[in-house]
Amino acid sequence: MTRIAFIGLGIMGLPMATNLVRAGHEVAGYNRGEAKRARFADAGGTAAGSVAEAVRGAEVVITMLPDSPDVEEVVLGPDGVLESAGAGALLVDMSTIAPATARTVAELAAETGVRAVDAPVSGGEQGAIDGTLSIMVGGEPADVEAARPLLEVLGGTVVHVGPSGSGQTVKAANQLVVAGTIQLVAEALTLLDAQGVELRSAVEVLSGGLAGSAILDRKAPGMLARRFAPGFRVDLHHKDLGIVLDSAREAGVVIPLGGAVAQLMAALRAQGDGHLDHSALLLGVERLSGK
Ligand code: NAD
């Protein structure tokens, strides 16, 4: 049994923290706003009144927040994780943030005696609920091994990919592939529909061939049913594609399709669809096609 503080009880964080409770750990959860804390308490967790209250006495602190500034505020800010955590505590940031921020957090944590790993995830809300996330971990080998038993409660694939920040770089690559694939599935569905092909049969046969993918299996049914409730919000994927483009520029790598899909995601957001699931890229293709 590990004493865990879990900060960020959103779409992903709430089911993840709940799985840790079910695995027998003592979890103090904190999120802004009473409603999400109450949902965690209903799920069997302990609701804390502040970051500091959750973190005090915790052996492991897990953060699952939207973006780099949120992690900086919660971890580095006043009354944040580093002010409240005891020396030797392990910080596991599972949010998707900039690799450079992950490295800074790890360095500043080390100055206060807190060990830090970056452990962003892939697998979506369903993966969080089922405890089958794919988790890409960056950090010192000993710290990654210390985090592993908890990460294996949350995920089915837990891989140490390199030093601090490299988990986030792998996650950026993941987001590039996911956005690009959703966009191509959206274009294929729009084309098939406009040509009068029955979409369910088309998706079934595409899934059995080389065009088959986890995206086609998991996202096409919602697209066909025109269900765009998140899941994974366009706003968050827009944030991630910013990380991808920055990372490519920093490395001197040219990613033309990545650039195009980043613009298409930005357009969706500019048109007021930032709150929808990223499978709403379908709506963007339809608008471009006058459908
Ligand atoms: P979310 O917006 O549903 O959850 C984030 C939570 O953090 C919210 O409840 C918000 O109120 C809380 N929060 C923000 N700032 C806070 C602060 N200062 N103090 C306390 N609470 C604060 O987002 P999500 O979908 O759960 O995603 C979380 C992270 O995981 C993001 O970085 C996202 O990119 C990544 N991610 C999401 C998915 C997905 O399918 N939703 C999949 C993989 C990775």
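Which loop-located GluC sites (Glu not before Pro) does region 176-285 contain, where loop means any DSSP state but H, G, I, E or B and the Cβ has at most 11 other Cβ atoms within 10 Å?
Values: sites: 187, 198, 204, 250; in loops: 198.
The qualifying sites are 198.
Calculated mean residue ellipticity at 222 nm for the chain: -16000 deg cm²/dmol, from DSSP H runs with n ≥ 4 weighted as -39500 (n - 2.57), summed, divided by the residue count and rounded to 500. Taking every protein chain into account, the accessible area of region 9-78 amounts to 44 square angstrom per residue (probe 1.4 Å). Here the contact order of the chain, divided by its residue count and restricted to Cα pairs under 8 Å and six or more residues apart, works out to 13 percent. Temperature 10 °C, viscosity 1.306 mPa s: under these conditions the Stokes-Einstein estimate for the chain, based on its Kirkwood radius over C-alpha pairs, is 81 µm² per second. Near the amide H of residue 155, within less than 5 Å, lie the amide hydrogens of 133, all on another chain or at least 5 residues away, with H placed in the peptide plane.
Which trypsin sites (Lys or Arg not before Pro) in region 1-100 sit in a loop by DSSP (not H, G, I, E or B) and have at most 16 other Cβ atoms within 10 Å of their own Cβ? Provide the component values of the computation, followed by the final result.
On the way: sites: 3, 22, 32, 36, 37, 39, 56; in loops: 32, 56.
Sparse-neighbourhood loop trypsin sites (Lys or Arg not before Pro): 32, 56.
Identify all aspartates and glutamates with a Cα-Cα distance to residue 291 below 18 Å; exclude those on the same chain that are fewer than 8 residues away in sequence. Result set, ordered by chain and number: 187, 193, 198, 273. Excluding residue 86 itself, what net charge comes from residues whose Cβ is under 10 Å from its Cβ, given Lys and Arg +1 and Asp and Glu -1? Taking every other residue near residue 86 into account, the sum is 0. Dividing the Cα radius of gyration of region 45-120 by its Kirkwood radius returns 0.92 for Rg/Rh.
Magnitude of the Cβ-charge dipole of region 104-197, K/R +1 and D/E -1, about the Cα centre, nearest 20 debye?
Working: 3 positive and 11 negative charges, 17 e Å.
Using Cβ point charges on Lys, Arg, Asp and Glu, region 104-197 gives about 80 debye.
Each of 2, 228, 24 was scored by the projection of its Cα onto the charge dipole of the chain, and the greatest displacement toward the positive side belongs to 228; charges sit on the C-beta of Lys, Arg, Asp and Glu. In the chain, a dipole from Cβ-located charges (positive for Lys and Arg, negative for Asp and Glu) runs towards its positive end, and of 194, 161, 12 it is 194 whose Cα lies farthest in that direction. Considering all different alpha carbon pairs of region 169-288, the Kirkwood hydrodynamic radius works out to 14.6 Å. Relative to the Cα centre, the charge distribution of region 169-288, modelled as +1 at Lys and Arg Cβ and -1 at Asp and Glu Cβ, gives a dipole magnitude of about 200 debye. Heavy-atom accessible surface of region 191-291, averaged per residue, reaches 57 Å², computed with a 1.4 Å probe.
The values are calculated or read from the model by the stated rules, or taken from the named source; none is laboratory data. As the structure is a computational prediction, the values presented were derived from the model and not from experiment. FYI the Cβ positions are ideal-geometry reconstructions off the backbone, even for glycines, and counts take in every protein chain you see. With ligands, DNA and RNA removed, areas are computed over all heavy atoms of the protein, side chains included. Shrake-Rupley method; radii C 1.70, N 1.55, O 1.52, S 1.80 Å.
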